[in-house]
Amino acid sequence: MKKFSNVFVLMLVVAMLLPACGTSTDAAPDCRSTAIFCVGMVTNLGKLDDNSFNQSAWAGVEQARKNLGSIGEHIVTTDTKDYDKNISTFGESGYDVIVTVGFALGKATVKAASAYPNTKFIGVDQNQVQDTDQPIPENLVRLVFAEDQAGFLVGALAAQMSTSRKIGAVCSTDEVASIWRYCEGFRAGAAYIDPSVEVTVTYHTDITFDEAFFDPVWGAATAKSMMDAGIDVIMGAGGETGNGAISAAAKQDVYALGFDDDKYYSLPEVRKMLLSSAMKVITPGVFNLIKAAKDGQFPGGTNFVGTIDYAPFHDQASNVPPDVKDTMKEIEKGLRDGSILTNVEPEKP
């Protein structure tokens, strides 16, 4: 009987301790406390580890957690209807900074900035969704990029690597300013190298705005038409549509150029023929803005221009001549210091 009692007491003690341990481990940080600096990130559709914008932005939040001692949490969006709810989850919890990723969250971010005036918002790649007649809220900064310069870089690369002297860009809707800048920058970069190079830029204008980014079949078919016409370097720009184009090029052993992020990692099937990608360098931009918010130097109400770049040549490095590599470095330097201009309009005239 005594032995049974000891076992019973032990079980009772364990039962009492378990809930307490769970509560301690799962306790949410008190983000309303001035002693705790909290950063929440709401992803665009897709996984956190997407080898693209979500992952790059999260790396910036992680860097802030490591270097600034901040709390960092994320919510992965699985349905576009949840944008408002996901942002408000952090807003209602008193987070100091909320990062939202991608142009699709632009309107929800502006709305939330008004609803939570004491929270700082960082909108990644959202310059094309702001109503130009309305000022940017003072507690919102948009991390934007000069897509025309990124397109210019890979257009210059394409013109130098083409043997047929025919290159092309398969683009989603030109109603989105960033896509317009990518593709017209591509055209301008090729002309900078050699105005006689034939450049074909095709936009998906025969479909609705929302669908234009999610049509890899059209992207692939358009790329095939270009290849049939002798084009031997193809850039894709604009969601799954652009991915469809460069995937089709790679399958036919034609040079492909990616956009936004390094497609060597986010689209492995194109690796064997991927020359490079026009890139938006997101991680340091997100970190620097979080740090500015913590230091009381947040540049709210403005656009913060992030860094653009072109991805490494990866598997094609040995096929890119040294003089081409040197020229690319010179062009990149010229774009950064302003001695080279793309002359591309901010949006389609």
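Does segment 201-321 come out rounded, prolate or oblate, given a ≥ b ≥ c as the square roots of the eigenvalues of its C-alpha gyration tensor, rounded meaning a/c under 1.5 and, failing that, prolate meaning a/b above b/c? Oblate, because a/c is 1.5 or more while a/b does not exceed b/c.
Lys and Arg at +1, Asp and Glu at -1: add these up for the other residues within a Cβ distance under 14 Å of TYR255 and post the number. That sum, taken over residues with Cβ under 14 Å, equals +3.
Computed from the Cβ-Cβ distance with R0 of 35 Å, the FRET efficiency linking GLU138 to ILE36 stands at 0.90.
Between helix 177-193 and the chain, what is the angle of the helix's C-alpha long axis to the longest principal axis, kept within 0 to 90° and rounded to the nearest 10? Helix 177-193 sits roughly 40 degrees off the main axis of the chain.
Extension gain, LEU48 to ARG336, is 100.6 nm, computed as 0.36 nm per intervening residue step minus the present C-alpha separation. Of the listed residues SER276, SER225, SER33, the order by accessible area with a 1.4 Å probe, largest first, is SER225, SER33, SER276. Counting charges near GLY230 (Lys, Arg +1; Asp, Glu -1) among other residues having Cβ under 15 Å from its Cβ returns a value of -1. Each part gets one Cα centre, and for segment 209-287 versus segment 322-346 those centres are 22 Å apart.
Cα axis of helix 83-92 to longest principal axis of the chain: angle in degrees, 0 to 90, nearest 10? Tilt of helix 83-92: around 40 degrees. Taking every DSSP beta bridge that has both ends in the chain, the antiparallel portion is near 10%. Counted residue by residue at 0.36 nm each, then reduced by the alpha carbon distance between them, the extension gain from THR327 to PHE209 reaches 38.8 nm. Count charges around ALA278 for me, please; just the other residues with Cβ under 9 Å from its Cβ, Lys/Arg as +1, Asp/Glu as -1. Residues near ALA278 contribute -2 overall. Please check which bits of segment 186-211 a label hung off THR80 would reach, taking the label as a point 7 Å along Cα-to-C-beta and the cut-off as backbone N under 19 Å. Residues passing the 19 Å test: 204-211. Comparing Cα centroids, segment 301-316 and segment 119-193 end up 11 angstrom apart. Here is the size of segment 137-247 from its Cα atoms: Rg then Dmax, 14.3, 51 Å. Over all projection directions, the Cα-based convex hull of the chain averages an area of 23.3 nm².
The values are calculated or read from the model by the stated rules, or taken from the named source; none is laboratory data. These numbers come from a predicted model, not from an experiment. So basically every Cβ, Gly included, is an ideal-geometry build from the backbone, and we count neighbours across all protein chains shown. Only protein heavy atoms, including side chains, enter the accessible area calculation; ligands, DNA and RNA are left aside. Shrake-Rupley method; radii C 1.70, N 1.55, O 1.52, S 1.80 Å.
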